[in-house]
Amino acid sequence: MAASSWVPVQIETDFPLQNLPYGVVSRDRSDRHVVTRIGDWVLPLEALTLAGLFDDCAGLSSNQLRALFATDALNAFMASGPVVWSAIRARLTEILSDSSYRSDVEPLLVAVSDVTVHLPVAVADYVDFYSSLDHAKNVGAMFRPDSEPLTPNWRHLPIGYHGRSATIVVSGTPVIRPNGQRKAPDEERPTFGPSRRLDIEAEVGFLVGVPSALGASVPTHAFADHVFGVVLVNDWSARDLQAWEYVPLGPFLGKSFATSVSPWVVPLEALGAARVAPPHQDPPVLPYLVDESPWALDLALEVSLNDHVISRPPFATMYWTPGQQLAHLTSNGASIRTGDLFASGTVSGPERDQRGSLLELCWGGLEPISVGTGERTFLQDGDEVVIRATAQGHDGVRIGFGDVRGTIEPSPVTSGA
């Protein structure tokens, strides 16, 4: 029988006892608080510390524990490492399932409807990968129709690019249509103005807790020693800006204007039951990329545009595992820091209704898709995009990530030369 909580939760909640994600919230313009979430309630972790409910947890003193949670971001807790993460999660599970704690804990619960969610982490660096075989094949077929869709290096290493941490925003933050240079094939010269081909990328992101030293690499088997948890990501993309600028150095202004993340960080420990074997890799990878204990995850994503479901990408099909991504990211000796975010790249499956970007769904603008109220290729002002995901949790219980959403607002610049 699945473990249950004395806190009332709906059966279909994304946040049962088996999840217990972390986030940062404020109430009535007060200070921000580190919290966990169960059902439609949040529980401030500093308040639990002050109440003595974390005493002797992981061998830390009350002052040490309070230092982890008396902050406006998860970074201090994330940096504490897997032993502390596991101990805090075990204690939370205990106090939220054992009714003898109810009288002490219930007064501390706050309805999620009474709080404002914030970016849960002070993001240090951001790297975005390109790890879906189906996505890479689709993009290659569109842009290189007369040649092999995959570049020669694609099956040998996880391709990625460095983004901007300063433009990572929490779910619900409006996305202003970016401006930039764009040049259509039938135009002689580039022009400057709002993107005409604004797109989405449904992704999964991983947050680093424990840093590594400069000059040291993180092996694939040490993935869970460094990565704290998982969020959903929408890597908004201006395809026309990207197409004009990316040769020869890759993504730049077409990607850097906004990246949205979900506010609830699902700990790795909550996703243990969702681990699956990754796809077979051929040719065999180099030794540093061999992942004998992969954190490949069976996550079911869902993408909605203006309340109309347009795609259900399967994360289990991703060719490169997050452990391989982290190993490659650090293979040259690059260090990682607490708060680093690395994302999977667009999640796409083999079927049309499993494609995680409009670029693929409308095949570069040639095949408009239905959104209930009409047809669409790329995003229009006023469009709202929502990405959700669920996974198998422990005890046979489904858990979720909440959602990451954003609404397109018009550019303040209407035209330019």
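The values are calculated or read from the model by the stated rules, or taken from the named source; none is laboratory data. Here the structure is a predicted model, which means the values were calculated and not measured. FYI the Cβ positions are ideal-geometry reconstructions off the backbone, even for glycines, and counts take in every protein chain you see.
Inspection of the stretch 236-248 identifies at least one residue that is within 15 Å of Gly345 (Cβ to Cβ) and surrounded by 24 or more Cβ atoms within 10 Å (Cβ to Cβ). From the list Phe401, Phe378, the one residue that fits, being touching a Ser or Thr at 6+ places or on another chain (Cβ under 6 Å), touching a residue at least 12 places away in the same chain (Cβ under 8 Å) and not basic (Lys, Arg), is Phe401. Here is the figure for the stretch 131-163: residues that are small (Gly, Ala, Ser), more than 16 Å from Trp320 (Cα to Cα) and in contact (Cβ under 8 Å) with a residue 60 or more places away in the chain total 1. Surrounded by fewer than 21 Cβ atoms within 10 Å (Cβ to Cβ), modelled with pLDDT of 95 or more and farther than 30 Å from Leu43 by Cβ: is that true of Ile200 in this structure? No, not satisfied. In this structure, is Ala327 crowded, with 17+ Cβ neighbours inside 10 Å and over 18 Å from the mean Cα position of the chain (by Cα)? It is true that Ala327 is crowded, with 17+ Cβ neighbours inside 10 Å and over 18 Å from the mean Cα position of the chain (by Cα).
Just one of the numbered conditions (1) part of a helix (DSSP H, G or I); (2) farther than 30 Å from Thr317 by Cβ is not true of Phe192: (1).
Within the option set Leu359, Leu329, Leu366, being touching a residue at least 40 places away in the same chain (Cβ under 8 Å) and either farther than 26 Å from Pro174 by Cβ or acidic (Asp, Glu) (or both) holds for one residue only, Leu329. Restricting the stretch 342-400 to residues that are under 17 Å from the mean Cα position of the chain (by Cα) and β-branched (Val, Ile, Thr), the residue that is surrounded by the fewest Cβ atoms within 10 Å (Cβ to Cβ) is Thr390. Within the stretch 259-313, being assigned to a strand (DSSP E or B) and among the aliphatic types (A, V, I, L, M) holds for Val261, Val265, Val266, Leu297, Leu299, Ala300, Leu301, Val303, Leu305, Val309, Ile310. The set of residues in the stretch 1-37 that are farther than 24 Å from Ala67 by Cβ, in contact with a helix residue (DSSP H, G or I) (Cβ under 7 Å, 6 or more places away or on another chain) and surrounded by 18 or more Cβ atoms within 10 Å (Cβ to Cβ) comprises Ser5, Val7, Leu17, Gln18, Asn19. State all residues of the stretch 361-388 that are touching an Asp or Glu at 6+ places or on another chain (Cβ under 7 Å) and outside any loop (DSSP other than H, G, I, E, B); if no residue qualifies, say none. Selection gives Ile369, Val386, Ile387, Arg388.
At pLDDT 95 or above and touching a strand residue (DSSP E or B) at 6+ places or on another chain (Cβ under 8 Å): is that true of Pro267 in this structure?
Spelling it out, Pro267 is indeed at pLDDT 95 or above and touching a strand residue (DSSP E or B) at 6+ places or on another chain (Cβ under 8 Å).
Give Val233, Val218 a once-over and let me know the one that is over 15 Å from His328 (Cα atoms), surrounded by 17 or more Cβ atoms within 10 Å (Cβ to Cβ) and of a type in the set (Val, Ile, Thr).
Just one listed residue meets the conditions, Val233.
Consider the stretch 232-253 and keep the residues that are at pLDDT 95 or above and small (Gly, Ala, Ser). The one that is nearest to Leu299 (Cα to Cα) is Ser237. Looking across Ser217, Ser132, one residue alone is of a type in the set (S, T, N, Q), over 20 Å from Pro278 (Cβ atoms) and in the same structural domain as Lys255 (by TED's automatic domain parsing). It is Ser217. Of the residues making up the stretch 249-264, those that are crowded, with 23+ Cβ neighbours inside 10 Å and within 26 Å of Gly23 (Cβ to Cβ) number 7.
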